[in-house]
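First the structure, in the form of structure tokens, and then the observations on it.
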Amino acid sequence: MATVKTELTFVHKIEAEKAPDSEDTMSIWSIDAQTVTHSIQLAVAPVFFLTAVAGMISSLARRLSRIIDRARKLEESLRTLEDHDLIARHLKELHFLRERGRLANVSIALLTLCGMCIGLTIVLLFVGQAYGVSGHGYAVFSFLLGVLAFVLALCCFLWETIMATRILDF
């Protein structure tokens with residue numbers, strides 16, 4: 001008897017979860033405030049991650065501008081130098097600056113990709129929650145891709161900071 005009741009409950013659940021008919025589909029204007037509130041709460045968590053990404057991009061953009069300024073200064077001083085040892089040192093430093101600039105650019109590109117993936121995650125979660133569109137698999141993939149891009153950007157950032165001190169003579 002308990003098995004029959006459990007099976008009937010299960011059948012009722014399945015019928016309740018079936019997709020609505022085309023006549024019953026939800027329009028964009030028929031969403032209630034509670035659904036919108038819950039959708040916003042669900043999508044807000046990744047926004048904090050976006051804040052961290054924006055801070056990292058800002059930090060790396062400042063570092064990149066300093067790298068460029070230093071390279072321009074070295075190139076300008078190379079035009080007037082005649083000491084071969086100093087020229088060799090400046091050329092070596094320019095090589096390091098070029099590599100650091102590339103790492104900073106790669107890191108900024110990865111952070112931009114991360115921001116786009118997290119933004120897509122927010123959109124997918126919001127649309128999925130608000131309109132009943134099943135996109136959670138895509139949201140998870142997008143979020144994980146964003147996290148991977150963030151970790152790779154941090155690795156590039158770490159290597160760039162290590163390179164920044166390698167040129168120094170302590």
Problem - E23 modelled with pLDDT under 80, of a type in the set (D, E), within 30 Å of A130 (Cβ to Cβ) and more than 35 Å from the chain's Cα centre (by Cα) - result: yes
Problem - Meets criteria (open to solvent by 30 Å² or more (accessible area, probe 1.4 Å) and assigned to a helix (DSSP H, G or I)) for V53 - result: no
Practice task
Report yes if T121 is within 30 Å of R66 (Cα to Cα), of a type in the set (V, I, T) and part of a helix (DSSP H, G or I), otherwise no.
Solution key: no
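Residues being hydroxyl-bearing (S, T, Y) and open to solvent by less than 30 Å² (accessible area, probe 1.4 Å): count how many of those fall in the range 88-142.
Count: 3.
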Practice task
Determine whether the range 131-147 contains at least one residue that is of a type outside the set (V, I, T), in a helix (DSSP H, G or I) and over 30 Å from Q34 (Cα atoms).
Solution key: yes
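The values are calculated or read from the model by the stated rules, or taken from the named source; none is laboratory data. Quick caveat, the model's predicted, so the values are computed rather than measured. Note: ideal-geometry Cβ built from the backbone for every residue, glycine included; neighbour counts use all protein chains shown. The protein model used for the area step is the full one, side chains on, heavy atoms only, and it has no ligands, DNA or RNA in it. Shrake-Rupley method; radii C 1.70, N 1.55, O 1.52, S 1.80 Å.
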